[in-house]
Each structure stands twice: as structure tokens, then as C-alpha cells.
Amino acid sequence: MDDNRLRVGIVGCGGITRALYVRVYALVADIARVVAVADLDEGRANHVRTVLGDAYNSEAYRSRVLAADARKPEERDAYLRKAELAASAATHKIRRYRDHEELLKDNEVDVMVLLTPPPVRAEPTIAAAEAGRHIFTEGPMARSVEEADAMAAAIRKAGVKYDCQLIDRFPRDMVLARKAVESGKLGQIGFANVELNLYQPQSYYSPTRANNWHGTWQGEGGGAVFHHGRYIIDPFLWVVGSRVVEVFAYSGPMLRVIEHDSLTQVVLRFANGATGMIHVSLISQSALEVRQNVSVGLRGRISIAGQDAHLVTQNENLRQGPDGLPPIQSRTSFVSRDAQDALEALRAEVEDLPATVTQEQQTRGFLERVINDTEPQVPLEVPHHHVEVVRAIYKSSEENQPVALPLDKDDPWYSFKGRFAAGRKPSS
Ligand SMILES: NC(=O)c1ccc[n+]([C@@H]2O[C@H](COP(=O)([O-])OP(=O)(O)OC[C@H]3O[C@@H](n4cnc5c(N)ncnc54)[C@H](O)[C@@H]3O)[C@@H](O)[C@H]2O)c1
């Protein structure tokens with residue numbers, strides 16, 4: 001590391017890189033600097049190089065303004081230091097590569113940030129781990145349990161840090177929900193449901209859109225419950241805290257002409273004896289209204305009935321903040337005849353946590369764990385379990401029967417190709 005900052009290489013310079021991560025990396029200029037980017041499309045990589053330079057300059061300016069307004073000398077000094085580092089990052093030439101293989105040959109890269117479509121996960125992650133690089137990836141973790149197992153083995157063997165984008169579990173009230181279940185104050189769990197309603201029109205899948213990978217198994221790896229559902233299914237599984245042991249699902253291209261699911265509805269059994277449901281829809285026009293007209297958009301809702309209380313937690317997207325990023329907020333409420341006060345008292349235990357989070361917090365947390373060599377924020381088992389549950393859901397839907405977890409290694413659905421071996425055809 002030069003100047004004590006981590007050196008980052010970004011792989012994938014598409015929509016989410018331009019819309020989110022360029023800003024995120026400008027905001028963490030005090031601990032990391034992007035030294036290289038890679039994309040199969042040279043124009044996209046060049047564009048991201050340019051906008052990163054602009055973002056570093058604008059963060060330098062913003063930090064100077066914040067320093068001028070700072071009340072405490074230590075705050076002012078921190079802003080001035082960040083302004084200096086952001087301005088210096090803007091003067092460095094960012095190297096451009098074609099793909100992760102080229103980028104991983106760059107010995108100056110400490111951390112690979114993988115922002116490619118969902119099927120482009122396993123191979124770059126394993127290669128990065130073998131090259132001793134720390135890894136941050138967009139979600140979902142992998143297309144199949146086979147891929148997720150191979151990634152986890154490579155990461156553990158190399159001893160590198162790994163994090164997958166899962167910010168929905170970090171807002172204060174989601175942690176509160178987890179504490180409510182973990183503490184036993186809800187009592188024995190009867191059921192746990194999760195619901196996510198989004199809207200994607202047929203044009204979202206149009207093959208005439210440049211580089212469009214949405215809507216096919218090969219391009220996207222799966223639809224509603226895999227690609228989009230992860231936002232709320234991850235915190236759901238975390239809050240419930242018990243592994244899913246069986247699923248029965250209806251999943252498919254409802255109201256859309258695509259290969260995989262625009263709607264998935266699942267009944268679950270958990271190891272703790274509770275039952276539950278997962279509903280993920282990409283055909284809910286209520287979500288369209290929220291996106292167009294109102295500042296707050298619902299990002300998923302969890303409902304858990306315990307012996308002693310009922311808990312409801314929902315995640316919401318808020319309007320973009322002054323740092324240029326859209327925050328996520330959770331709200332948790334309890335209804336209980338006898339345990340209301342005990343549950344409300346748990347709020348004191350989380351009051352120091354942020355009420356809202358952005359991708360800056362997860363990225364900063366990850367980078368700090370690399371610097372300080374501490375445990376990951378989210379254990380590998382978490383995104384791994386999402387992959388397992390989703391593959392069992394697809395198997396159940398296509399075979400029209402309940403499926404027990406975990407999937408055995410010799411089950412055709414353990415691997416991604418196995419799905420097609422099991423009787424279905426890949427993209428035509
Ligand atoms: N966090 C969020 O809110 C959010 C929002 C949208 C998308 N995403 C996720 O981000 C990821 C990327 O989505 P996107 O919308 O930016 O997609 P995109 O198609 O706009 O961009 C992906 C880019 O990756 C490049 N690419 C593909 N394979 C590559 C390789 N081997 N080496 C180098 N470059 C490669 C493509 O050329 C493309 O430019 C997806 O997993 C998606 O689920 C997250």
C-alpha cells in the first residue's frame with residue numbers, strides 16, 4: 001500500500017458502477033484509491049475512469065466545504081486530510097484492463113471489486129483468491145451451490161477477505177429485529193414470512209437493449225427470487241436465524257415473456273420447526289407508483305409470529321442524501337400482549353447503530369476489516385445459504401414437489417448445468 005491506502009481494482013464498468021460505486025469510492029478516498037478498472041467494453045471502462053476522476057475532485061471540494069463548517073478541530077483536520085487524499089487520487093492515472101484476468105496481473109491491486117452480471121462471479125472470485133486479492137462482489141454470491149462451495153473453499157484456503165453486497169441487514173431496526181428473535185423475547189417462532197414487490201416491464205428484458213443479460217438463465221442466473229429477491233431474503237434468513245430445511249415453490253415467468261421467474265411464491269420449513277413464506281414479484285405496479293411519485297419506496301417486508309409477540313420489519317429506500325447515495329432505512333414494530341415492554345427495551349441496545357445505511361458503510365466496513373485484519377461483517381455462510389435456498393426453490397417449482405435442503409452434491413440441481421441435465425433446456 002502506498003500512502004496507507006488500499007489499492008482497488010474494479011471489474012465491470014456498467015450501470016451500477018456508474019450510478020453507485022464511483023460515488024462510493026470517492027467517499028472512501030481516505031482509506032482506498034481506485035488504481036485500475038476493467039471491462040470487456042473499452043468505452044465503458046474509459047468512461048468510468050473519467051467519472052472517477054470527476055468524483056474524486058468533487059469529493060475533495062465537498063470535504064473542504066465540510067472542513068470549513070466543522071466545529072471541532074479534529075473533525076476539520078479529518079475533512080482536510082480527506083480533501084487532500086481525494087484531490088491526489090484525481091491526479092493519478094487509473095489503469096484500464098479488459099477483464100479480471102488482466103487486472104489480477106497488476107501487482108498494485110490489493111482488492112478486487114466485482115461489479116459484473118450475476119453469472120460472472122465464481123471464476124473471477126476464485127482467481128482473485130488464488131492471486132491473494134481481497135474480494136468485494138455485488139450480489140447474489142453465485143448461480144449454484146457448486147459455484148458457491150468452490151468460491152468459499154478458495155477464499156478460506158487463501159485466507160483473503162470476502163464480502164458480498166448485503167446492505168439491507170445493516171440499518172438499526174433490522175439489527176433490532178434480529179435481536180428480538182435471538183434474545184428469545186418473541187418466544188417460539190410459529191411462522192416467518194417475507195414479501196418483496198417490484199416492477200420490471202417487458203422492455204427491461206428486451207434483447208435490443210445494449211448488453212442486456214436480463215431474462216435468461218445463462219445471462220442472469222435466475223430472476224425474481226435469485227437476482228432481485230436477495231435484497232430482503234438475506235436479512236430475512238439472518239433475522240429468523242434458523243436454516244431452511246424444506247421448500248415448496250411456484251416460480252416462473254408470470255405476465256412476462258422470459259425464461260426464468262418474474263414471480264416466485266414459496267412455502268418453507270425452518271430447522272426450528274417454524275414454517276414460512278417467500279413472495280418475490282417483479283410484476284407489482286404498486287411498486288411502480290412508489291418509484292415514480294413518492295420519496296420512500298418499500299424494499300421488502302418481514303413478518304414473524306412468535307408465541308409471545310408479532311414482529312414486522314420493513315426496509316425502505318429513501319431519497320438520495322447530500323453525499324449523493326440513496327440510503328436504506330428499516331422500521332421494526334412489535335405487537336405483544338405481555339412482552340411489549342421487554343421488546344421495546346431492546347431498542348436501547350441498538351441506539352448507537354445508524355438508522356439508515358448506504359453502500360458507503362458496507363464498503364468502508366469491508367475495507368477497514370481488510371486493513372485491520374478482522375472478521376468479515378457477513379459470514380460466508382450467509383450469501384451461500386441464499387444460493388442454496390434459491391436453487392432448491394427452482395428445483396421444487398420445476399419438479400412440482402417439496403425439496404429438502406441441503407442439496408446433495410450428486411443432485412443435478414447442485415450445479416448450474418445440472419438444471420439443464422434435469423430436463424430443461426438452456427437459452428435457445
Ligand atoms: N446494489 C444495487 O442496488 C444494484 C443495482 C443494480 C445492479 N446491481 C448488481 O450489479 C451487477 C452489475 O449490474 P449492472 O446493472 O451494472 O450491469 P451492466 O450490464 O450495466 O454492467 C456489467 C458490466 O460488466 C462487464 N463485464 C461482464 N463480464 C466481464 C468480465 N469478465 N470482465 C470485465 N467486465 C465484464 C460488462 O461489459 C458490463 O459493462 C449485477 O450483479 C447486478 O445485480 C446491484
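The values are calculated or read from the model by the stated rules, or taken from the named source; none is laboratory data. Note that this is a predicted model, so its numbers are computed, not measured. Cβ sites come from the backbone with ideal geometry, for glycine too, and all protein chains shown count toward neighbours.
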Practice task
Can you tell me which residue within segment 244-255, out of those that are in contact with a helix residue (DSSP H, G or I) (Cβ under 7 Å, 6 or more places away or on another chain) and surrounded by fewer than 21 Cβ atoms within 10 Å (Cβ to Cβ), is farthest from ILE393 (Cα to Cα)?
Solution key: GLY252
Exercise for the section: Return yes when SER415 is touching a strand residue (DSSP E or B) at 6+ places or on another chain (Cβ under 6 Å) and either among the β-branched types (Val, Ile, Thr) or crowded, with 18+ Cβ neighbours inside 10 Å (or both) and no when it is not. Expected result: no
Completion exercise
Only one of ARG156, ARG178 is closer than 30 Å to LEU318 by Cβ and in a helix (DSSP H, G or I), namely ARG178
Completion exercise
Scanning segment 137-153 residue by residue, those within 16 Å of the ligand (Cβ to nearest atom), closer than 12 Å to LEU380 by Cβ and part of a helix (DSSP H, G or I) turn out to be ALA148, MET151
Completion exercise
Scanning segment 222-243 for residues that are among the small types (Gly, Ala, Ser) and touching a helix residue (DSSP H, G or I) at 6+ places or on another chain (Cβ under 7 Å), the one surrounded by the most Cβ atoms within 10 Å (Cβ to Cβ) turns out to be GLY222
Handout entry: Those residues of segment 201-223 which are more than 17 Å from THR116 (Cα to Cα), within 16 Å of the ligand (Cβ to nearest atom) and more than 23 Å from the chain's Cα centre (by Cα), in sequence order
Key = SER203, SER206, PRO207, THR208
Exercise for the section: Considering every residue within segment 178-200, establish whether at least one is free of Cβ contacts under 8 Å to residues at least 40 places away in the same chain, assigned by TED's automatic domain parsing to the domain that holds ASP352, under 18 Å from LEU288 (Cβ atoms) and more than 11 Å from the ligand (Cβ to nearest atom). Expected result: no
Practice task
Take segment 366-384 and flag every residue that is crowded, with 18+ Cβ neighbours inside 10 Å and modelled with pLDDT of 95 or more.
Solution key: PHE366, LEU367, VAL370
Exercise for the section: Could you look through segment 46-69, keep only residues that are in contact with a helix residue (DSSP H, G or I) (Cβ under 9 Å, 6 or more places away or on another chain) and hydroxyl-bearing (Ser, Thr, Tyr), and pick out the one that is nearest to ARG18 (Cα to Cα)? Expected result: TYR56
Handout entry: Answer residue from segment 344-365, given it is within 30 Å of ARG33 (Cβ to Cβ) and either charged (D, E, K, R) or in the same structural domain as ALA19 (by TED's automatic domain parsing) (or both) and is surrounded by the most Cβ atoms within 10 Å (Cβ to Cβ) among those
Key = GLU360
Handout entry: Matching residues, segment 159-175, being within 18 Å of VAL8 (Cβ to Cβ) and either surrounded by fewer than 21 Cβ atoms within 10 Å (Cβ to Cβ) or away from the ligand (no atom under 16 Å from the Cβ) (or both)
Key = VAL160, LYS161
Completion exercise
Flagged in segment 3-16 as within 22 Å of SER88 (Cβ to Cβ) and either near the ligand (Cβ under 8 Å from one of its atoms) or not polar (S, T, N, Q) (or both), in numbering order, are ASP3, ARG5, LEU6, ARG7, VAL8, GLY9, ILE10
Problem - Residue that is nearest to the chain's Cα centre (by Cα) [pool: residues in segment 157-177 that are over 18 Å from ILE302 (Cα atoms) and in contact (Cβ under 8 Å) with a residue 40 or more places away in the chain] - result: GLN165
Exercise for the section: Could you tell me whether LEU318 is over 30 Å from ARG7 (Cα atoms) and touching a Pro at 6+ places or on another chain (Cβ under 6 Å)? Expected result: yes
Exercise for the section: Please work out if GLY324 is out of contact with any strand residue (DSSP E or B) (no Cβ under 9 Å at 6 or more places or on another chain) and within 30 Å of ALA19 (Cα to Cα). Expected result: yes
